[in-house]
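Visitor: The structure's right below; bear with me while I get my questions together.
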Amino acid sequence: MAGEINLVPQFHRQAYQVMDAPQQAYLLLEILPTAAAPGTGSLPVNFGLVLDRSGSMAGDKLRQMKAAAQSIVDRLGPDDLLSVTVFDDTADLIVPAESVYDRELIKRRISMIDERGGTHMSTGMRKGLQELQKNLSPGWVSRMLLLTDGQTWEDQPACLELADQCRMSGIPVHALGLGVGSENNWDPRLLEDLAQRSGGEWTVVEAPEDVAAAFESTLRTMQGTAVSNASLTLRMVAGVSPRNVWRVVPLITRLGHHSVSTHDIQVYLGDVQHGVGQAVLAELLLPPRPVGLYRMLQADITYDVPGAGLVGERADVDVVLNYTDDLNLASQLNPRLMNMIERVTAHKLQTQALDEAAAGEVNKATQRLRAAATRLLELGETEMAQMASQQAQQIEQAGQVDQAAAQKMRYATRRLTENQ
């Protein structure tokens, strides 16, 4: 079966001016599920919860986490698979991967989770991945939900390696950072990297009472998956070179790309949802050309269709652009795409500033945050602009960014392209 995905390309200009030197171009590639893709909210899932039970989770956080996990049990059917792994310095599998038949037994096991120890995230990820891998099948949508409120110690490289293993198994990681501020010192950069490398997402859950909604949102996206394990390849003609690749729908995500041949690069997209799809923004350097229409690249995507049990389906599109010596035509910009570029730039400036602040590069971080604030204000994002300005002042005065602000800011600007 084919036709589950449409690829729709558009450049940021109607045409590109003929010139003697290479020039920059932005390509937006929309990845849109069609009616041929089965599953609109009822796909069976292979869902692995990997939950932090370290000492800092004591109290309301642990109670709300257990209630959220129990709520997921009530929302799964007999065709769904659930596993629950908890971790501190060690990890325990409290619910092996199994069909959800005896709901009360599973909920009793969850209710017995107690807080203890420190935070060693890779231990929980490894055991949770092993359970998910036992039931990999084209018929199920598989995902790991990872929740933590603290910073894992001395095992960040192991966590990243496990995220790579998740990607290779077709298991995106949805990472949740619970709470904001010094008492909830989870690392937003690490969660972002785990999500990006696995093809998943990451989310800030500001308060314990929001945990249930975050769990349920993750389950809904799984059940609404149109295609899974999606991988995009851009096959460029000689002279075209890629610079950066970002996902801009549903959220802004920096996508690591790797070369698969002299002129081809590949990015991993993970799951694509009905009603949302994905969109990728590629920054390219174009070679000089005389007037005319030219095929610059071919975009192709391979994917699985869990609702139909299909593996390795493919869709592609040729991407053509126009070189012109008409200055009026070359000056015509795509307003929607230009707006997206501005929003990605604001996100990029802010995240770079946060990284520089963490590295002690005070002057760079301050300048970049103020530049981000200016762009955010121009975009009408007044609250985000104010926070960026406040943190620029905070860095000047204290030499570092506020922990709670850093956690919220990195995630907040990822949402700048929602509903655009």
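The values are calculated or read from the model by the stated rules, or taken from the named source; none is laboratory data. Quick caveat, the model's predicted, so the values are computed rather than measured. Here Cβ is always computed from backbone atoms with ideal geometry, including for glycine, and neighbour counts include all displayed protein chains.
Visitor: Can you name every residue in the stretch 274-293 that is more than 25 Å from Thr345 (Cα to Cα) and in contact with a strand residue (DSSP E or B) (Cβ under 7 Å, 6 or more places away or on another chain)?
Guide: Within the stretch 274-293, His274, Arg289, Pro290, Val291, Gly292, Leu293 qualify.
Visitor: What number of residues within the stretch 346-363 are more than 24 Å from Leu191 (Cα to Cα) and touching a helix residue (DSSP H, G or I) at 6+ places or on another chain (Cβ under 8 Å)? Before the answer, list the steps.
Guide: So the first thing to find is which residues in the stretch 346-363 are more than 24 Å from Leu191 (Cα to Cα), and the list is 363.
Remaining after also requiring touching a helix residue (DSSP H, G or I) at 6+ places or on another chain (Cβ under 8 Å): none.
Residues flagged as more than 24 Å from Leu191 (Cα to Cα) and touching a helix residue (DSSP H, G or I) at 6+ places or on another chain (Cβ under 8 Å) within the stretch 346-363 amount to 0.
Visitor: On to the next question. Identify, by number, the condition in (1) within 25 Å of Pro208 (Cα to Cα); (2) surrounded by 22 or more Cβ atoms within 10 Å (Cβ to Cβ); (3) modelled with pLDDT of 95 or more that Gly150 doesn't meet.
Guide: Result: Gly150 fails condition (3) only.
Visitor: Being of a type in the set (Gly, Ala, Ser) and more than 21 Å from Met144 (Cα to Cα): is that true of Gly48 here? Lay out the reasoning, then the answer.
Guide: Working: of a type in the set (Gly, Ala, Ser): yes; more than 21 Å from Met144 (Cα to Cα): no.
The answer is no for Gly48.
Visitor: Considering every residue within the stretch 98-114, establish whether at least one is closer than 16 Å to Ile72 by Cβ, assigned by TED's automatic domain parsing to the domain that holds Asp193 and among the aromatic types (Phe, Trp, Tyr). Steps first, please.
Guide: Start the filter on the stretch 98-114 by keeping residues that are closer than 16 Å to Ile72 by Cβ, which leaves 98-111, 113.
Subsequent filtering for residues that are assigned by TED's automatic domain parsing to the domain that holds Asp193 retains 98-111, 113.
Checking which are among the aromatic types (Phe, Trp, Tyr) leaves us with 101.
Yes, because at least one residue in the stretch 98-114 is closer than 16 Å to Ile72 by Cβ, assigned by TED's automatic domain parsing to the domain that holds Asp193 and among the aromatic types (Phe, Trp, Tyr).
Visitor: Next up: Considering only the stretch 207-217, state which residues are surrounded by fewer than 17 Cβ atoms within 10 Å (Cβ to Cβ) and farther than 18 Å from Ala58 by Cβ.
Guide: We begin by selecting, within the stretch 207-217, every residue surrounded by fewer than 17 Cβ atoms within 10 Å (Cβ to Cβ); these are 207, 209, 213, 216-217.
Of everything in the stretch 207-217, those that are surrounded by fewer than 17 Cβ atoms within 10 Å (Cβ to Cβ) and farther than 18 Å from Ala58 by Cβ turn out to be Ala213, Glu216, Ser217.
Visitor: Which one of these does His274 not meet: (1) closer than 27 Å to Ala357 by Cα; (2) touching a Pro at 6+ places or on another chain (Cβ under 9 Å); (3) of a type outside the set (A, V, I, L, M, F, W, C)?
Guide: (1)
Visitor: Consider only pairs whose beta carbons are under 6 Å apart and that are at least six residues apart or on different chains; among these, list those whose first residue lies in the stretch 93-106 and is assigned to a loop (DSSP other than H, G, I, E, B) and whose second residue is surrounded by 14 or more Cβ atoms within 10 Å (Cβ to Cβ).
Guide: Close Cβ pairs (under 6 Å, with a partner that is surrounded by 14 or more Cβ atoms within 10 Å (Cβ to Cβ)) amount to Val100/Leu76; Val100/Asp80; Val100/Leu82.
Visitor: Residue by residue through the stretch 232-262, note down the ones that are touching a Leu at 6+ places or on another chain (Cβ under 7 Å) and over 22 Å from Glu418 (Cα atoms). Working first, answer last.
Guide: Step one: list which residues in the stretch 232-262 are touching a Leu at 6+ places or on another chain (Cβ under 7 Å), which gives 232, 234-237, 240-243, 245-248, 252.
Result: Leu234, Arg235, Met236, Val237, Val240, Ser241, Pro242, Arg243.
Visitor: Take Asn229 and decide whether it is surrounded by fewer than 23 Cβ atoms within 10 Å (Cβ to Cβ) and either in contact with a strand residue (DSSP E or B) (Cβ under 8 Å, 6 or more places away or on another chain) or in the same structural domain as Leu176 (by TED's automatic domain parsing) (or both). Steps first, please.
Guide: Values: surrounded by fewer than 23 Cβ atoms within 10 Å (Cβ to Cβ): no; either in contact with a strand residue (DSSP E or B) (Cβ under 8 Å, 6 or more places away or on another chain) or in the same structural domain as Leu176 (by TED's automatic domain parsing) (or both): yes.
No: the conditions fail for Asn229.
Visitor: Could you tell me which of the residues Leu219, Leu281, Leu269, Leu297 is part of a helix (DSSP H, G or I) and touching a residue at least 12 places away in the same chain (Cβ under 8 Å)?
Guide: Working: Leu281 fails: part of a helix (DSSP H, G or I); Leu269 fails: part of a helix (DSSP H, G or I); Leu297 fails: part of a helix (DSSP H, G or I).
Result: Leu219 is the single residue among Leu219, Leu281, Leu269, Leu297 that is part of a helix (DSSP H, G or I) and touching a residue at least 12 places away in the same chain (Cβ under 8 Å).
Visitor: Looking at Asp89, Asp79, which one is within 19 Å of Ser142 (Cα to Cα) and in a loop (DSSP other than H, G, I, E, B)? Write out each step before concluding.
Guide: Numbers: Asp89 fails: within 19 Å of Ser142 (Cα to Cα).
None of the others qualify; the one that does is Asp79.
Visitor: Sticking with this one: Here is a list: Thr366, Thr374. Which entry is free of Cβ contacts under 8 Å to residues at least 24 places away in the same chain and among the β-branched types (Val, Ile, Thr)?
Guide: Values: Thr366 fails: free of Cβ contacts under 8 Å to residues at least 24 places away in the same chain.
That would be Thr374, the only listed residue that is free of Cβ contacts under 8 Å to residues at least 24 places away in the same chain and among the β-branched types (Val, Ile, Thr).
Visitor: Out of Met19, Met65, which single residue is under 23 Å from the mean Cα position of the chain (by Cα) and outside any strand (DSSP E or B)?
Guide: On the way: Met19 fails: under 23 Å from the mean Cα position of the chain (by Cα).
Answer to the selection: Met65.
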